[in-house]
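Student: I am attaching a structure below and will ask some questions about it afterwards.
The values are calculated or read from the model by the stated rules, or taken from the named source; none is laboratory data. Predicted, not measured: the structure shown is a model, and the values here were computed from it. Backbone-built Cβ (ideal geometry, glycine too); neighbour counts: all protein chains shown.
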Amino acid sequence: MFFKKGLFSNIDQRHYFRNELFSELTWVIDTNPNKKHLERAEAIFEIIVNGISYGDFKLKLTHDSRTDSKTYKQNNSVTQIHWGEAKNYISREELLGKTMILYHIGGNKYQISVE
């Protein structure tokens, strides 16, 4: 899933997530020569759904650093979260139409709340 600006109208989603919200993470360039435009990081996310905490998950993030891609030129999001084991908690059909809020707790710790 790609991070999008949601209700924020004054951010550039192509840069905000990588350079602001996730700036404290250790980003590394993908070692595959064909994917050297991709930066990878990991962070700890507490997942809360309808007020119930399902615990902390170490999730991977990917950022496409190319500024000449079609995606970038169309102002689309280029930072992606890989849900891993957390997918079972946030991909339930009854959550469609709910609001997902992402908080930075500090360092590499974040909280995702779906209400």
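Student: For segment 90-115, give me each residue that is assigned to a helix (DSSP H, G or I) and of a type in the set (S, T, N, Q).
Tutor: Taking segment 90-115 and keeping what is assigned to a helix (DSSP H, G or I), we get 90, 93-95.
If the condition is that a residue be assigned to a helix (DSSP H, G or I) and of a type in the set (S, T, N, Q), then no residue fits.
Student: Assuming Ala41 fulfils every condition listed in (1) farther than 22 Å from His104 by Cα; (2) in contact with a Leu (Cβ under 9 Å, 6 or more places away or on another chain) apart from one, which condition is it?
Tutor: With respect to (1) farther than 22 Å from His104 by Cα; (2) in contact with a Leu (Cβ under 9 Å, 6 or more places away or on another chain), Ala41 is out only on (1).
Student: Scan segment 12-55 residue by residue and report those that are in contact with a helix residue (DSSP H, G or I) (Cβ under 8 Å, 6 or more places away or on another chain) and hydroxyl-bearing (Ser, Thr, Tyr).
Tutor: From segment 12-55, those in contact with a helix residue (DSSP H, G or I) (Cβ under 8 Å, 6 or more places away or on another chain) are 14, 27, 39, 45, 47, 49, 54; that's our starting set.
Tyr54, the sole residue that qualifies.
Student: Can you spot a residue in segment 14-25 that is surrounded by 15 or more Cβ atoms within 10 Å (Cβ to Cβ), in contact with a Lys or Arg (Cβ under 9 Å, 6 or more places away or on another chain) and in a strand (DSSP E or B)?
Tutor: No, segment 14-25 has no match at all.
Student: Name the one entry in Leu38, Leu61, Leu95 that is surrounded by 14 or more Cβ atoms within 10 Å (Cβ to Cβ), at pLDDT below 95 and out of contact with any Phe, Trp or Tyr (no Cβ under 6 Å at 6 or more places or on another chain).
Tutor: Values: Leu38 fails: at pLDDT below 95; Leu61 fails: at pLDDT below 95.
Checking each option against the conditions leaves just Leu95.
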